[in-house]
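Structure, as structure tokens:
Nothing in this text is a laboratory measurement; each read-out follows from the coordinates by a stated rule. Values in this document were obtained by computation on a predicted structure and should not be read as measured data. Virtual Cβ from ideal backbone geometry, glycine too; neighbours counted across all protein chains shown.
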Ligand SMILES: *Cc1c(COP(=O)(O)O)cnc(C)c1O
């Protein structure tokens, strides 16, 4: 039996929606499915949601809306995806890397406070595996110094910090609908605009820097170039596909949570034996079971485990590699060591976790246990 590391979600109603979009004659952006997705997202507790072509483009849009440019410092966890940093680096900003917590890949919020300088313009909080960062501390730091917060919630649709959906807390949130995420449309994303006073400009930036929305609403006689912007929106074909999946989000996340919980209880014995660590979820976080990972003792053991599982037909994967040590950045990095980020780069391994994993999970559990009994 083969157990792939990931299988993109297929709900079954995607085709119907996509065919409907085609026969409607409206396949470019901002038709009924784009509106439907925005409405569904806003119904989850977001003040304003705009679909984008990716989480990356949502982060870039946030950078543009915050007028980020040369001379601005942006605090970003080093244990992050490439575009978490690139969205700001491409604007000429100075990237200031922060370490992860000792017991979680999420950024150490106390360290964020220490990294703030008069040039700090924004903090990027990445909710790893859909598990919330300590947003209480991060928001407090941001308010104290008058700086913006952007949540890279690429992985966390359906997750919460206390009672608030992730991505709704900072100035902006970004989510991914890439096919590796809980729900998707191949490639896609959304930006959450969380302060009402930014709504109007967000509509303009989203629509190529034009005031087309004001024109469509009859507020101006013609539309034109009024600000910076780009083409951030997906086509109706993507939105139609996404609408089918978003509708089933609760069902999908609850099945994933069952699988997550099962890994967690069945692998507890290994943590008790002291051979590995299981994920730690803080009390303020309700998560969407995006990732189940283990933390091995060292890199050699992590790599061996991945190889061994592969021989048993099971896909598993390491994850982010510290960005401050990346080929692009390492020569410009002059900050301190970031040992926790490096440790998660070396020792974290993700197990298969997807909606239709089903009984195959038993085999994964059996083989992980067997690896440590050899
Ligand atoms: C997947 C992911 C992204 C990128 O998402 P895209 O939609 O592919 O641009 C960004 N940040 C994190 C944390 C991710 O996991």
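So, in nm, how far is label residue 82 from label residue 164 when the simple model puts each one 7 Å beyond its Cα toward the Cβ?
3.2
Evaluated at 25 °C with a viscosity of 0.890 mPa s, what Stokes-Einstein diffusion coefficient in µm²/s does the range 303-362 have when Rh comes from the Kirkwood expression over alpha-carbon pairs?
Here the translational diffusion coefficient equals 178 µm²/s.
Starting from a Cα-only point model with no solvent, please compute log10 I(q)/I(0) by Debye for the range 248-312 at q = 0.19, 0.21, 0.22, 0.29 1/Å.
Listed by q, the Debye log ratios stand at -0.87, -0.98, -1.03, -1.25.
Kindly work out what percent of the DSSP beta bridges joining two residues of the range 146-289 are antiparallel, to the nearest 5.
80
Over the chain, with a Gaussian network built from C-alpha contacts below 10 Å, which listed residue (341, 23, 168) shows the highest mean-square fluctuation?
Sorting by GNM fluctuation, first place goes to 23.
So for the chain: antiparallel DSSP bridges make up what percent, rounded to the nearest 5?
55
How much of the calculated P(r) for the range 134-185 lies past 14 Å, in percent of all Cα pairs?
More than 14 Å apart: 53 percent of the Cα pairs in the range 134-185.
Can you check what the Kirkwood hydrodynamic radius comes to for the range 251-374, Cα pairs only, in Å to one decimal?
15.8
Let me make sure I get this right: for the range 1-49, a, b and c are the square roots of the gyration tensor eigenvalues over alpha carbons, sorted descending. Under 1.5 in a/c it's rounded, otherwise prolate if a/b > b/c, else oblate. Which is it?
Verdict is oblate for the range 1-49.
What translational diffusion coefficient, to the nearest whole µm²/s, does the range 1-125 have by Stokes-Einstein, given a Kirkwood radius computed over alpha-carbon pairs, a temperature of 37 °C and 0.692 mPa s viscosity?
Answer, rounded: 185 µm²/s.
State the percent of C-alpha pairs, over all pairs in the range 172-286, separated by a distance greater than 21 angstrom.
60
Between residue 258 and residue 26, what is the FRET efficiency for a Förster distance of 51 Å, r being their Cβ-Cβ separation, to the nearest 0.05?
According to the calculation, E is roughly 0.85.
Mind jotting down the distance between the C-alpha centroids of the range 245-285 and the range 98-123, whole Å?
Taking the Cα centre of each part, the range 98-123 and the range 245-285 sit 26 Å apart.
For the chain, which semi-axes, largest first and in whole Å, follow from the square roots of 5 times the eigenvalues of its Cα gyration tensor?
35, 27, 16
Quick one, what does Rg over Rh come out to for the range 58-188 if you take C-alpha atoms and the Kirkwood Rh?
0.94
Please identify, among 276, 166, 51, the residue showing maximal mean-square fluctuation in a Gaussian network model of the chain using a 10 angstrom Cα cutoff.
Result: 276 has the largest fluctuation of those listed.
What per residue convex hull volume, in Å³, comes out for the range 236-282 when only alpha-carbon positions are used?
100
For the range 87-154, compute Rg over Rh where Rg is the Cα radius of gyration and Rh is the Kirkwood radius from the inverse mean 1/r over Cα pairs.
Ratio of gyration radius to Kirkwood radius: 0.94.
Pull out the extension gain between residue 330 and residue 214, defined as 0.36 nm times the separation in residues minus the alpha carbon to alpha carbon distance; nm, one decimal.
Answer, rounded to one decimal: 37.2 nm.
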